[in-house]
1. Considering only residues of region 48-59 that are surrounded by 14 or more Cβ atoms within 10 Å (Cβ to Cβ) and of a type outside the set (Phe, Trp, Tyr), which is nearest to Tyr6 (Cα to Cα)?
2. Only one of these is over 16 Å from Tyr51 (Cβ atoms) and either at pLDDT 85 or above or in contact with a helix residue (DSSP H, G or I) (Cβ under 6 Å, 6 or more places away or on another chain) (or both): Glu127, Glu119, Glu153, Glu86. Name it.
3. Name the strands (runs of 3 or more DSSP E) wholly within region 1-96 that hold at least 3 residues that are more than 20 Å from His128 (Cβ to Cβ) and touching an Asp or Glu at 6+ places or on another chain (Cβ under 8 Å)?
4. For region 25-47, does any single residue satisfy the condition of being of a type in the set (Lys, Arg), open to solvent by less than 70 Å² (accessible area, probe 1.4 Å) and under 23 Å from Pro122 (Cα atoms)?
5. Looking at this structure, is Thr16 open to solvent by 20 Å² or more (accessible area, probe 1.4 Å), polar (S, T, N, Q) and either free of Cβ contacts under 8 Å to residues at least 60 places away in the same chain or touching a helix residue (DSSP H, G or I) at 6+ places or on another chain (Cβ under 6 Å) (or both)?
6. Say whether the condition of being farther than 21 Å from Arg11 by Cβ, out of contact with any strand residue (DSSP E or B) (no Cβ under 7 Å at 6 or more places or on another chain) and open to solvent by less than 50 Å² (accessible area, probe 1.4 Å) is met by at least one residue in region 107-120.
Amino acid sequence: MTLQRYSITDRPLDVTEVISLVEDRNAGAINTFIGTVREMTKGKRTIYLKYDAYVPMAEKKLAQIGDEITSRFPDARVAISHRTGELAISDIAVVIAVSTPHRADSFEACRYAIERIKEIVPIWKKEHWEDGTEWIGDQRETKAYPAGKPGKEDLS
């Protein structure tokens, strides 16, 4: 399988593979962000999560984030992978890797990437708690999708 720099997948994520996509002989830093499924959320015990995405648009938005980063840091190399499907506690949901010549840029770019994912990428999740379930809308949890997915108006 050929690795893609910006991908949505239902398979477990391999941090080393994502890092390999940004390795560069001129990079003095490779920063990674690894988002995992936590057990406690707002005082509720999570049993597992289910992520879903509008994959074609989500991958385009991940690439857009990469472009935004490289427009600010021209020597940066970026790779982002997000998982869909059912994830258990401690499973990896997202891996972001950014290489740059200098460490401060790498840290800043990586943080920027996760915040932008939550703002613009059509990924949503269903929380499965001990006492019930709920579809969480956008990644910033500012909009709920009771049907589990955004409507057509949300995808334009």
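1. Looking at the filtered set, the residue picked out is Glu59.
2. Details: Glu127 fails: over 16 Å from Tyr51 (Cβ atoms); Glu153 fails: either at pLDDT 85 or above or in contact with a helix residue (DSSP H, G or I) (Cβ under 6 Å, 6 or more places away or on another chain) (or both); Glu86 fails: over 16 Å from Tyr51 (Cβ atoms).
Answer to the selection: Glu119.
3. Here the list reads 6-9.
4. No - not one qualifying residue is present in region 25-47.
5. Spelling it out, Thr16 is indeed open to solvent by 20 Å² or more (accessible area, probe 1.4 Å), polar (S, T, N, Q) and either free of Cβ contacts under 8 Å to residues at least 60 places away in the same chain or touching a helix residue (DSSP H, G or I) at 6+ places or on another chain (Cβ under 6 Å) (or both).
6. yes
The values are calculated or read from the model by the stated rules, or taken from the named source; none is laboratory data. The model shown is predicted, which means the values in this text are computed figures rather than measured ones. Because the Cβ atoms are built from the backbone with ideal geometry, glycine has one as well, and the counts that use them run over all protein chains shown. Side chains are part of the model used for accessible areas, which takes the heavy atoms of the whole protein and leaves out ligands, DNA and RNA. Shrake-Rupley method; radii C 1.70, N 1.55, O 1.52, S 1.80 Å.
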